[in-house]
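Participant: Here it is, the structure in full.
Nothing in this text is a laboratory measurement; each read-out follows from the coordinates by a stated rule. Since the model is a prediction, treat every value here as computed from it, not as a measurement. Using ideal geometry, Cβ is built from the backbone for each residue, glycine included, and neighbour counts are taken over all protein chains shown.
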Amino acid sequence: MHDIARNLKCLRRQRGLTQEELAARLHVTRQAVSNWERNRNLPELEILLSAAELLGVGVDELLYGPRPAEGAAINVRTPFIADS
């Protein structure tokens, strides 16, 4: 599942919205929302912008998920360099 499908579904549920309610607010069908959440297709850019605003997040969070909290440890592997 692409991030946008997972993120859209998660954010919608966190806001206590049904697919029907989200669809009505975005002026699309419930089936359209269902298809986005099942990764069958993607919303058009204008709808994506409206959905992000409606859900109270930036488009980047809707596309890629939440950013790590400030000060949170990031697991980055550094290459092992052997001494010669």
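Participant: Running Debye on the range 1-48 with equal point scatterers at the Cα sites and no solvent, what base-10 log of I(q)/I(0) appears at q = 0.18, 0.28, 0.32 Å⁻¹?
Facilitator: -0.46, -1.15, -1.39
Participant: With r defined as the distance between the Cβ atoms of Leu54 and Ser34 and R0 fixed at 22 Å, what FRET efficiency is calculated, to the nearest 0.05?
Facilitator: On the way: r = 17 Å, r/R0 = 0.77.
Plugging the Cβ-Cβ distance into 1/(1 + (r/R0)^6) gives 0.85.
Participant: What spacing in nm lies between the two simple spin-label points modelled at Ala24 and Glu44, each 7 Å away from Cα in the Cβ direction?
Facilitator: Placing both labels 7 Å along Cα→Cβ, they lie 2.3 nm apart.
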